[in-house]
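All remarks here apply to the structure that follows.
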Amino acid sequence: MLSTTLLLAAAAALAVQNVSAIGFDQSAAVVGTLMCQGRPAGNVKVKLYDDDTGPDLDDLMAEGTTDSQGRFSLSGWTDETLTIDPKVNIYHDCDDGIMPCQRRITIFVPSSYVSSGKNPTKTYNAGVIELAGKFSGEERDCFNRRK
């Protein structure tokens, strides 16, 4: 009985340790343009994540900054057992006065834009986003300042 329990415990530990071996590569791509009070929002940090729940931390898939015209393009992949939930976090100071840290807004990418493999086959166009004003679910972030 004890040996059966030990064998089951060892098998469970091995399965948990190798959970990524059962997952599969998935990818997403997103483009968009950020504006601040009607002007291009250049040099704004953007990050593409797989949004995970529970004790599993979000997986960073790609990061970058907007160009001088406020445009961004991100593409990335991760290995997951379930379909990924891609999101883009935008860290900015538009219309922010002297508040500490940065404003963070999140845009979720529809699941129909998730591709199998490491190279996305479709790109989600988030459109033109005006950063001035308040967004539902907006938070402050002190860990993602521009360098």
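The values are calculated or read from the model by the stated rules, or taken from the named source; none is laboratory data. All values derive from a computational prediction rather than experimental measurement. Because the Cβ atoms are built from the backbone with ideal geometry, glycine has one as well, and the counts that use them run over all protein chains shown.
When we screen 99, 35 for residues that are out of contact with any Ser or Thr (no Cβ under 8 Å at 6 or more places or on another chain), closer than 25 Å to residue 132 by Cα and either part of a strand (DSSP E or B) or modelled with pLDDT of 95 or more (or both), the only hit is 35.
Just checking, does segment 126-135 include any residue being among the hydrophobic types (A, V, I, L, M, F, W, C), assigned to a strand (DSSP E or B) and within 15 Å of residue 27 (Cβ to Cβ)? No, every residue in segment 126-135 fails to be among the hydrophobic types (A, V, I, L, M, F, W, C), assigned to a strand (DSSP E or B) and within 15 Å of residue 27 (Cβ to Cβ). Of all residues in segment 26-63, those satisfying the criterion of being small (Gly, Ala, Ser) and either on the phi > 0 side of the Ramachandran plot or in contact with a strand residue (DSSP E or B) (Cβ under 7 Å, 6 or more places away or on another chain) (or both) are 27, 28, 29, 32, 38, 41, 54, 62. For beta carbons closer than 9 Å, sequence separation of 6+ or different chains, a first residue in segment 42-60 that is more than 16 Å from residue 126 (Cα to Cα) and a second that is small (Gly, Ala, Ser) and modelled with pLDDT of 95 or more, the qualifying pairs are 42/68; 42/70; 43/68; 50/28; 50/76; 59/76; 60/76. When the residues of segment 98-120 are narrowed to those that are loosely packed, with under 12 Cβ neighbours inside 10 Å and touching a Phe, Trp or Tyr at 6+ places or on another chain (Cβ under 9 Å), which ends up nearest to residue 50 (Cα to Cα)? If we take residues in segment 98-120 being loosely packed, with under 12 Cβ neighbours inside 10 Å and touching a Phe, Trp or Tyr at 6+ places or on another chain (Cβ under 9 Å), then 110 is nearest to residue 50 (Cα to Cα).
Restricting attention to segment 80-97 and to residues that are crowded, with 18+ Cβ neighbours inside 10 Å and of a type in the set (A, V, I, L, M), the residue that is farthest from residue 144 (Cα to Cα) turns out to be 84.
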